[in-house]
Amino acid sequence: MEIEGAMSSAENIARRIDDSGPDESTFADSLYVRYGVQDTISRVAPRAVELTGSLGSLDPDEVGHLATGALGLALHPPARLQTTDSLASYLTGGPLILA
């Protein structure tokens, strides 16, 4: 369910951009969705490894690839820490400014 919810959120942002073009509200919402998807991936990836079965059935290369892929979004800019102040300002009526 988490993956479906994350995907639906990302699709909604894409639909909004297609329908009305990018604007500040859509950009802010895309950041919320991005960090939500990032959190979902960090929760789901370990479960995916767990559901593969016993340790004997795991291919170390595949598990490493899954773990690396799960971290990829967390390392992709803009980092959550870089946007916290800007998003907080935006949520209280200020402009969304990312440097």
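The values are calculated or read from the model by the stated rules, or taken from the named source; none is laboratory data. As the structure is a prediction and not an experimental result, all values here were calculated from the model. Positions of Cβ are backbone-derived with ideal geometry, glycine not excepted, and every protein chain shown enters the neighbour counts.
A compact table of results
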read-out	value
ILE13 vs. criteria modelled with pLDDT of 95 or more, in contact with a helix residue (DSSP H, G or I) (Cβ under 9 Å, 6 or more places away or on another chain) and not acidic (Asp, Glu)	yes
Residue match in region 76-97 (condition: within 22 Å of GLU4 (Cβ to Cβ) and among the aromatic types (Phe, Trp, Tyr))	no
Residue, farthest from SER42 (Cα to Cα), within region 72-90, restricted to residues that are among the aliphatic types (A, V, I, L, M) and free of Cβ contacts under 8 Å to residues at least 12 places away in the same chain	ALA88
Criterion (among the aliphatic types (A, V, I, L, M), over 26 Å from ALA67 (Cβ atoms) and free of Cβ contacts under 8 Å to residues at least 60 places away in the same chain) met by exactly one of ILE3, ILE17	ILE17
Residue check, SER20 more than 18 Å from the chain's Cα centre (by Cα), modelled with pLDDT of 90 or more and farther than 24 Å from ALA99 by Cβ	yes
